[in-house]
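Here's the structure, in structure tokens; my notes come after.
Every number here is computed from the coordinates shown, using simple stated rules; none is lab data. Note that the structure is a prediction, hence the values are computed from the model and not measured. Virtual Cβ from ideal backbone geometry, glycine too; neighbours counted across all protein chains shown.
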């Protein structure tokens with residue numbers, strides 16, 4: 001039956017092709033800092049659907065003096081970027097789908113049911129490191145452009161694949177500085193098929209916590225740096241609670257803990273029977289929607305200084321606070337902006353789940369496109385972030401298919 005509007009219906013996504021493409025990408029172990037091989041495969045997939053391929057390798061040294069350089073947490077000297085362009089037959093806007101190709105290390109292989117880089121389908125989901133975060137979303141974006149390319153479009157679509165998201169986002173910043181911006185962008189990060197319109201950020205810090213050494217037999221003559229750290233951890237929990245209570249944006253309030261703080265590594269002591277005289281603790285501190293990383297660092301230092309001032313020992317022997325590593329600013333877009341509304345409309349048009357506007361408690365490349373690229377951006381993609389860095393990471397294939405069809409419809413709505 002013909003469509004009475006005269007507009008040809010959007011084709012369905014090819015599940016078998018999606019499974020093949022996703023398995024091929026997962027099989028390339030693109031751990032952050034080692035993304036060249038996977039970018040070769042991305043370029044091959046994009047060329048296979050007729051896109052104009054652009055490749056660039058940006059020296060990290062070109063970014064290090066940028067005032068918005070987000071930092072890195074792995075050794076690298078270059079950032080490989082791949083973009084594919086689909087240019088329409090007449091003038092129009094530019095829309096972009098974006099994803100990162102790097103993945104975190106798989107960890108202890110004994111915690112995996114099957115090897116991390118040997119993809120396998122079980123129960124309708126593809127398993128393997130990067131399946132959820134975020135090669136499933138990247139494959140959905142590729143399939144979406146493949147579907148949309150069969151229609152008469154105006155303007156252009158860009159698929160942008162970037163490295164180094166997991167350790168700060170220098171790949172996205174390099175792409176933005178090279179001119180990859182758009183009138184609207186969707187990053188296909190795992191979002192349970194909801195739509196992230198606001199997200200917090202994070203900074204990495206080290207606390208240097210002093211104590212006073214003493215022999216274990218007279219430990220009361222010393223001051224345990226470990227006990228002092230425990231006191232500061234409680235201060236950070238109180239600060240976290242105050243920051244949570246101050247949040248007013250409903251999407252972030254709904255998270256419950258939008259700006260978590262935590263200590264992830266602790267080292268100290270030099271002898272089993274000596275009271276610790278120094279502890280180093282490495283941790284994470286959230287960046288709220290109304291501040292940047294510098295503002296968060298200042299707030300962290302104030303919280304530690306205020307707690308130390310009320311402590312008998314730390315008041316005279318203040319702890320040090322060092323901020324280092326990846327810098328993830330926060331960002332947001334209004335839920336009633338035309339981009340989220342158009343994505344919801346596209347989902348409704350294809351009979352898919354209509355995504356709810358939500359917030360996220362983690363940093364992402366979204367903030368770079370909004371803050372540095374002046375590009376309205378949301379995150380929408382298959383998979384649950386709860387399994388993203390875990391053993392047996394996986395993504396439901398049905399969600400990848402649905403995401404591809406929604407994105408294809410969105411492209412067609414924007415450029416048709």
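Side notes on the structure shown:
- Longest to shortest principal axis, alpha-carbon extents of the stretch 209-325, angstrom: 54, 25, 23
- A compact globular protein would have a Cα radius of gyration near 2.2 N^0.38 Å; the ratio found for the stretch 131-201 is 1.21.
- Bridge orientation summary for the chain: considering DSSP beta bridges with both residues in this region, about 70 percent are antiparallel.
- Normalised Debye scattering of the stretch 365-416 at q = 0.14, 0.23 Å⁻¹ gives log10 I(q)/I(0) of -0.54, -0.96, counting only Cα atoms as equal scatterers and leaving out solvent.
- Overall form of the stretch 329-398 per C-alpha gyration tensor (a/c, 1.5; a/b vs b/c): oblate
- Over all Cα atoms in the stretch 120-252, the spread is summed up by Rg and Dmax: 23.9, 82 Å.
- Rounded tilt (10° steps) of 15-26 against the dominant C-alpha axis of the chain: 40
- Most fluctuating residue given options 129, 219, 146, as computed from a GNM of the chain linking Cα atoms under 10 Å: 219
- Compared with the dominant principal axis of the Cα atoms in the chain, helix 293-309 is inclined by about 20°.
- Contact order normalised by residue count of the chain, Cα under 8 Å, 6+ apart, percent: 25
- Based on Cα contacts under 8 Å between residues 6+ apart, the stretch 216-292 shows a relative contact order of 36 percent.
- Shape class of the stretch 46-205 from the alpha-carbon gyration tensor: oblate, with a/c at 1.5 or above and b/c at least as large as a/b.
- Shape class of the stretch 278-367 from the alpha-carbon gyration tensor: prolate, with a/c at 1.5 or above and a/b greater than b/c.
- Mean silhouette area of the chain, derived from the convex hull of its C-alpha atoms and averaged over all directions, reads 22.4 nm².
- Most to least packed among 133-144, 404-415, 389-400, 206-217 [average Cβ atoms within 10 Å]: 133-144, 404-415, 389-400, 206-217
- Against the chain, whose longest principal axis comes from its Cα atoms, helix 36-48 is set at around 20 degrees.
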